[in-house]
Each structure stands twice: as C-alpha cells, then as structure tokens.
Amino acid sequence: MSSEIICGTNISKVYATATGPLVALDDVSFGVEEGEFISLVGPSGCGKSTLLSILGGLEDRSLGHLDIAGKPADSPRPDVGMMFQTSVLFPWRTIRENVRLPGQILKLDKARQKQRTEELLDMVGLNGFGDRYPGELSGGMRQRVGLARLLAHDPRILMMDEPFGALDEFTRETMNLELLRIWEATRKTVIFVTHNIGEAVFLSDRVFVMTPRPGRLEGIVEIDLPRPRTTGIMRDPRYSELVFEIRRMLGVDH
Ligand code: ADP
C-alpha cells in the first residue's frame with residue numbers, strides 16, 4: 001500500500017472571469033508521502049496559491065481527483081492546517097488567546113489545550129509573551145504566533161502560503177530555521193509555497209516546479225542535501241547546483 005498522504009490526479013482549475021475563462025491549473029498530478037517537506041515554486045500567477053487552496057479544501061477544482069489520507073478530499077478538514085503570508089490575529093485577544101482559538105473552535109479538551117498552548121509558545125520562542133497583544137509584536141513575532149496557532153490543533157498536514165514572504169531577509173532566515181527545527185521534531189507533512197528558489201531548496205525534500213500560466217507541473221526536483229540543515233548548507237556546491245537546476249527549469253537563466 002502506498003504511504004502517500006496526498007494524491008492529486010489530473011487537477012485543473014478554470015476561473016470564470018469578466019474577460020472569459022482563465023486556466024489557472026492545467027492537469028496537475030502528484031503524490032506526497034507522509035512526513036515529507038514539499039515546496040511549490042514558480043513565478044507569480046502560475047497557480048501556486050490556487051493549488052494550495054484546492055489541497056486545503058478552500059477552493060473547488062474544475063477537474064481531477066484529490067485524495068487526502070486515503071479519502072476523497074472536497075472540503076476543509078481539521079487534519080489540515082493553513083498559514084498565510086500575514087497571520088490574521090485578533091487584536092483584542094492576547095497572544096495566548098489567539099493561539100488557543102482553533103482548539104476552542106474545534107471544542108478540544110480545555111486542560112490539554114491550555115498545556116499545549118504553553119508548549120507551543122515555548123516552541124516558537126514566545127515564552128513570556130502570552131499576555132501581550134498582537135499590536136505590541138513585530139511582524140516576525142506575529143508570524144511566530146501564526147505558526148503556534150497553526151500547530152494548536154495538531155494537524156497532520158501543514159499548508160503554508162509564503163508564510164515568511166513579508167518578512168525581511170534576516171527574520172525570514174531565522175523563521176526558516178525555526179520551521180525546520182519544528183518539522184524535525186514533529187515530522188508533519190508540509191506543503192510550502194514560495195517564489196524564493198533558495199528557500200525552497202534549503203527547506204525541502206522535494207521541490208515541485210510550476211510553469212507560468214496555465215500552471216503545470218514542469219518537474220519535481222529531489223533535494224538530496226543532508227539533514228538536519230543549517231545555513232552553512234548554502235555554501236555546499238550541491239545547494240547551488242540544485243538552485244540552478246530549478247532556475248533552468250523555470251527558464252530564468254539567461
Ligand atoms: P500564484 O500563487 O502562483 O501567484 P494564483 O494561484 O494566485 O498564483 O493565481 C493563478 C492565476 O489565477 C492568476 O492568473 C490569478 O490572477 C488567477 N486567479 C486566482 N484567483 C482567482 C479568482 N478567485 N478569480 C479569478 N482569477 C483568479
């Protein structure tokens with residue numbers, strides 16, 4: 001039996017727009033193994049967010065089939081957590097109360113959630129900030145809260161749409177290291193959208209390379225760099241080779 005936790009077959013998406021139908025995804029097929037870290041890279045508008053939204057059950061597909069954990073996936077599901085470029089936090093709730101929100105919505109055991117919230121605040125480096133309000137935090141810290149909240153109900157699959165894309169380069173790098181550390185500890189399945197090729201290579205087991213519209217899967221690049229990874233890996237000639245292989249697939253090497 002396959003250990004694929006996500007299996008997409010011939011997925012297409014056509015949006016109806018004022019100027020006519022727009023093909024955002026064209027016949028995309030792929031499988032993801034449980035515990036894999038996958039990045040989706042491609043130029044702006046190639047359908048990365050659309051594919052992630054379909055995988056997260058937020059958007060319908062026009063054609064094709066999608067199985068998650070062995071069952072047809074057609075709506076949002078509690079075993080999938082989603083995180084976006086900007087974490088929308090409730091400004092009137094403390095950081096702790098924001099992290100607790102998914103558990104409250106899903107009516108999970110209160111005592112367990114209370115303990116988990118403290119563990120997560122610790123995990124994302126926000127120990128001591130639980131009583132603060134979002135307005136008191138930097139952008140990087142707010143994304144840390146978003147990361148803790150994403151993990152609050154312990155989803156099996158994490159879908160992340162450019163979660164650190166709005167942060168400065170230094171903070172982004174720190175957050176990538178934090179994410180890898182958390183991933184090493186939890187081994188969740190991660191689908192990570194980015195247009196930053198270096199970031200995709202640094203983080204992933206495999207990189208799905210998408211072409212400009214209509215979004216197709218141009219190819220899949222296996223990232224055979226050792227783990228655990230530190231930023232030192234960027235000096236490895238293999239890191240540069242992989243970045244250039246993806247650049248070539250995307251047609252950005254001239
Ligand atoms: P990416 O995440 O790679 O930048 P998107 O998935 O956001 O790409 O968009 C893919 C294409 O679909 C783009 O041309 C975009 O304009 C279009 N698109 C995305 N969402 C909608 C929508 N709700 N209605 C119409 N067109 C859309």
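Given the conditions (1) modelled with pLDDT of 95 or more; (2) surrounded by 19 or more Cβ atoms within 10 Å (Cβ to Cβ), report the number of the one that residue 205 does not fulfil.
The single condition residue 205 does not satisfy is (2).
Taking the condition farther than 28 Å from residue 247 by Cβ and either touching a residue at least 24 places away in the same chain (Cβ under 8 Å) or within 10 Å of the ligand (Cβ to nearest atom) (or both), does residue 37 pass?
Against the criterion (farther than 28 Å from residue 247 by Cβ and either touching a residue at least 24 places away in the same chain (Cβ under 8 Å) or within 10 Å of the ligand (Cβ to nearest atom) (or both)), residue 37 does not qualify.
Quick check: is even one residue across segment 88-98 within 16 Å of the ligand (Cβ to nearest atom) and of a type in the set (A, V, I, L, M, F, W, C)?
no
In the list 156, 238, 172, 229, which residue meets the criterion of being more than 16 Å from the ligand (Cβ to nearest atom), within 22 Å of residue 6 (Cβ to Cβ), touching a residue at least 12 places away in the same chain (Cβ under 8 Å) and not polar (S, T, N, Q)?
When all the criteria are applied, what remains is 156.
Taking segment 201-213 as the region of interest, how many residues are away from the ligand (no atom under 13 Å from the Cβ) and in contact with a strand residue (DSSP E or B) (Cβ under 8 Å, 6 or more places away or on another chain)?
6
Suppose we filter segment 42-85 for residues that are out of contact with any helix residue (DSSP H, G or I) (no Cβ under 8 Å at 6 or more places or on another chain), touching a residue at least 24 places away in the same chain (Cβ under 8 Å), away from the ligand (no atom under 12 Å from the Cβ) and under 18 Å from residue 149 (Cβ atoms); how many remain?
Looking only at that region, the number is 3.
In segment 43-90, what count of residues is obtained for those that are out of contact with any strand residue (DSSP E or B) (no Cβ under 9 Å at 6 or more places or on another chain) and of a type in the set (S, T, N, Q)?
Looking only at that region, the number is 4.
Only one residue in 243, 252, 207, 190 is part of a strand (DSSP E or B) and either hydroxyl-bearing (Ser, Thr, Tyr) or farther than 24 Å from residue 126 by Cβ (or both). Which one?
The unique qualifying residue is 207.
The values are calculated or read from the model by the stated rules, or taken from the named source; none is laboratory data. What you see is a predicted model, and the numbers here were worked out from it, not measured in a lab. Every residue, glycine as well, gets a Cβ built from its backbone with ideal geometry; the counts of neighbours run over all protein chains shown.
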